[in-house]
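As C-alpha coordinates, the structure follows; a few thoughts come after it.
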Amino acid sequence: GQPNRRRRNGFNQGRRRMGVRPRRTDREDSVRRTVYVSDIDQHVTEQKLAEVFSNCGQVVDCRICGDPNSVMRFAFIEFADDAGARAALTLGGTILGFYPVRVLPSKTAILPVNPKFLPRTEDEKEMVSRTVYCTNIDKNVPEDVVKNFFEGICGE
(Lines give C-alpha, C1' and ligand atoms only; values in the text may rest on other atoms or scores of the structure.)
Protein backbone atom coordinates (compact mmCIF):
# COMPACT_ATOMS: atom_id res chain seq x y z
CA GLY A 1 0.00 0.00 0.00
CA GLN A 2 1.35 3.25 1.29
CA PRO A 3 5.16 3.36 1.49
CA ASN A 4 5.43 6.51 3.68
CA ARG A 5 2.80 5.49 6.20
CA ARG A 6 4.10 4.83 9.74
CA ARG A 7 3.08 1.60 11.38
CA ARG A 8 1.10 1.77 14.61
CA ASN A 9 1.70 -1.26 16.78
CA GLY A 10 0.33 0.01 20.09
CA PHE A 11 3.76 0.85 21.52
CA ASN A 12 4.73 4.44 22.18
CA GLN A 13 8.29 3.95 20.88
CA GLY A 14 9.98 5.43 23.93
CA ARG A 15 7.76 8.50 24.21
CA ARG A 16 6.12 9.10 27.58
CA ARG A 17 2.43 9.86 27.90
CA MET A 18 2.26 13.04 29.92
CA GLY A 19 -0.58 14.10 32.20
CA VAL A 20 -2.40 10.77 32.22
CA ARG A 21 -1.92 9.68 35.82
CA PRO A 22 0.81 9.74 38.44
CA ARG A 23 3.54 7.16 38.13
CA ARG A 24 3.12 4.09 40.30
CA THR A 25 6.15 5.03 42.43
CA ASP A 26 4.72 8.51 43.05
CA ARG A 27 1.38 7.01 44.10
CA GLU A 28 3.05 4.44 46.39
CA ASP A 29 5.19 7.19 47.93
CA SER A 30 2.07 9.29 48.54
CA VAL A 31 0.32 6.32 50.20
CA ARG A 32 3.30 5.82 52.55
CA ARG A 33 3.06 9.49 53.59
CA THR A 34 -0.72 9.31 54.25
CA VAL A 35 -2.64 8.18 57.34
CA TYR A 36 -6.32 7.30 57.73
CA VAL A 37 -8.05 8.82 60.78
CA SER A 38 -11.50 7.61 61.88
CA ASP A 39 -14.06 8.36 64.62
CA ILE A 40 -13.73 12.13 64.17
CA ASP A 41 -16.05 14.26 66.29
CA GLN A 42 -18.47 16.44 64.30
CA HIS A 43 -17.05 19.62 65.82
CA VAL A 44 -13.48 18.94 64.67
CA THR A 45 -12.56 20.90 61.52
CA GLU A 46 -9.93 20.09 58.89
CA GLN A 47 -7.92 23.04 60.18
CA LYS A 48 -7.98 21.73 63.77
CA LEU A 49 -7.12 18.20 62.64
CA ALA A 50 -4.18 19.44 60.54
CA GLU A 51 -3.03 21.57 63.47
CA VAL A 52 -2.99 18.58 65.86
CA PHE A 53 -1.20 16.34 63.37
CA SER A 54 1.31 19.03 62.38
CA ASN A 55 3.17 18.13 65.59
CA CYS A 56 4.18 14.93 63.78
CA GLY A 57 5.52 16.64 60.65
CA GLN A 58 4.58 19.00 57.85
CA VAL A 59 0.97 18.34 56.77
CA VAL A 60 0.64 18.56 52.97
CA ASP A 61 -3.10 17.80 52.72
CA CYS A 62 -5.96 17.05 55.13
CA ARG A 63 -9.44 15.96 54.04
CA ILE A 64 -12.37 15.07 56.30
CA CYS A 65 -15.03 12.87 54.69
CA GLY A 66 -18.39 11.49 55.77
CA ASP A 67 -21.57 12.87 57.31
CA PRO A 68 -20.78 16.20 58.99
CA ASN A 69 -23.47 15.51 61.63
CA SER A 70 -22.15 12.11 62.66
CA VAL A 71 -19.26 10.49 64.48
CA MET A 72 -18.85 8.33 61.39
CA ARG A 73 -16.45 10.86 59.88
CA PHE A 74 -12.97 9.96 58.73
CA ALA A 75 -10.02 11.78 57.20
CA PHE A 76 -6.89 11.32 55.18
CA ILE A 77 -3.83 13.31 56.19
CA GLU A 78 -0.77 13.42 53.93
CA PHE A 79 2.63 14.43 55.28
CA ALA A 80 5.69 15.77 53.48
CA ASP A 81 7.62 12.60 54.37
CA ASP A 82 7.24 9.05 55.68
CA ALA A 83 8.53 10.02 59.13
CA GLY A 84 5.56 12.35 59.66
CA ALA A 85 3.10 9.57 58.80
CA ARG A 86 4.87 7.10 61.11
CA ALA A 87 4.83 9.64 63.96
CA ALA A 88 1.11 10.29 63.34
CA LEU A 89 0.32 6.62 64.03
CA THR A 90 1.22 7.27 67.68
CA LEU A 91 -1.73 9.69 67.98
CA GLY A 92 -4.27 6.87 67.89
CA GLY A 93 -6.46 7.17 71.00
CA THR A 94 -6.01 10.95 71.26
CA ILE A 95 -9.24 12.65 72.31
CA LEU A 96 -10.33 15.22 69.72
CA GLY A 97 -13.62 16.81 70.68
CA PHE A 98 -15.42 14.11 72.68
CA TYR A 99 -14.04 10.93 71.09
CA PRO A 100 -10.69 9.16 70.77
CA VAL A 101 -9.59 8.97 67.13
CA ARG A 102 -8.19 5.88 65.43
CA VAL A 103 -5.11 6.40 63.26
CA LEU A 104 -4.03 3.77 60.75
CA PRO A 105 -1.73 3.65 57.73
CA SER A 106 -3.73 4.64 54.65
CA LYS A 107 -4.34 2.17 51.84
CA THR A 108 -4.87 4.96 49.30
CA ALA A 109 -3.41 8.32 48.39
CA ILE A 110 -5.41 11.54 48.49
CA LEU A 111 -6.49 12.29 44.95
CA PRO A 112 -6.29 15.88 43.77
CA VAL A 113 -9.62 17.60 43.18
CA ASN A 114 -10.31 18.49 39.56
CA PRO A 115 -11.38 22.17 39.67
CA LYS A 116 -13.66 21.63 36.64
CA PHE A 117 -15.97 19.53 38.86
CA LEU A 118 -16.34 22.09 41.66
CA PRO A 119 -19.53 24.20 41.78
CA ARG A 120 -18.99 27.73 40.49
CA THR A 121 -22.28 29.60 40.88
CA GLU A 122 -24.48 29.97 43.95
CA ASP A 123 -27.14 27.84 42.20
CA GLU A 124 -24.62 25.04 41.62
CA LYS A 125 -23.46 25.24 45.25
CA GLU A 126 -27.07 25.06 46.47
CA MET A 127 -27.77 22.06 44.20
CA VAL A 128 -24.64 20.25 45.42
CA SER A 129 -25.73 20.75 49.03
CA ARG A 130 -28.97 18.85 48.22
CA THR A 131 -27.34 16.03 46.23
CA VAL A 132 -26.51 12.57 47.55
CA TYR A 133 -24.61 9.77 45.85
CA CYS A 134 -26.12 6.30 46.14
CA THR A 135 -24.47 3.06 45.13
CA ASN A 136 -25.36 -0.65 45.00
CA ILE A 137 -28.87 -0.01 43.70
CA ASP A 138 -29.98 -2.94 41.58
CA LYS A 139 -29.96 -1.86 37.93
CA ASN A 140 -33.41 -3.46 37.48
CA VAL A 141 -34.99 -0.97 39.92
CA PRO A 142 -36.68 1.76 37.85
CA GLU A 143 -35.62 5.39 38.39
CA ASP A 144 -39.12 6.45 39.49
CA VAL A 145 -39.09 3.83 42.29
CA VAL A 146 -35.78 5.20 43.61
CA LYS A 147 -37.09 8.77 43.32
CA ASN A 148 -40.34 7.93 45.16
CA PHE A 149 -38.36 6.14 47.89
CA PHE A 150 -36.19 9.18 48.63
CA GLU A 151 -39.02 11.70 48.27
CA GLY A 152 -41.07 9.67 50.79
CA ILE A 153 -38.28 9.91 53.38
CA CYS A 154 -36.46 13.16 52.54
CA GLY A 155 -39.01 15.30 50.73
CA GLU A 156 -39.06 16.63 47.19
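Which of the peptides 91-97, 126-132 is most tightly packed, and how do the rest follow, judged by the mean count of other Cβ atoms within 10 Å per residue?
91-97, 126-132
So between THR90 and HIS43, what do we pick up on full extension, going 0.36 nm a residue minus the alpha carbon distance?
On the way: separation 47, 0.36 × 47 = 16.92 nm, distance 2.21 nm.
Roughly 14.7 nm would be gained on extension.
Among VAL31, VAL145, what's the order by accessible area (1.4 angstrom probe), most exposed first?
Descending accessible area places them as VAL145, VAL31.
Ignoring ligands and nucleic acids, what accessible area does PHE150 show with a 1.4 Å probe (Å², nearest 10)?
Roughly 70 Å² of PHE150 is accessible to a 1.4 Å probe.
Would you kindly find the accessible area of THR108, with a 1.4 Å probe and non-protein molecules such as ligands, DNA and RNA excluded, rounding to the nearest 10 Å²?
THR108 has an accessible surface of roughly 70 Å² with all protein chains in place.
Efficiency by 1/(1 + (r/R0)^6): what FRET value for ASP81 and PHE149, r their Cβ-Cβ distance, R0 = 35 Å, to the nearest 0.05?
Given R0 = 35 Å and the Cβ-Cβ separation, E is 0.15.
Using a 1.4 Å probe on the protein chains only, how many percent of the accessible area of region 59-119 belongs to carbon and sulfur?
That share works out to 64 percent.
Using a 7 Å offset from Cα along Cα-Cβ at TYR99, what residues in region 32-50 end up with backbone N under 19 Å from the label point?
Backbone N within reach: 35-50.
On the first, second and third principal axes, largest extent first, how far apart are the outermost C-alpha atoms of region 35-156 in Å?
51, 31, 28
The values are calculated or read from the model by the stated rules, or taken from the named source; none is laboratory data. Bear in mind that the values here come from a model prediction, so they are computed numbers and not experimental data. All Cβ positions, glycine included, derive from the backbone under ideal geometry; neighbour counts span all protein chains shown. The protein model used for the area step is the full one, side chains on, heavy atoms only, and it has no ligands, DNA or RNA in it. Shrake-Rupley method; radii C 1.70, N 1.55, O 1.52, S 1.80 Å.
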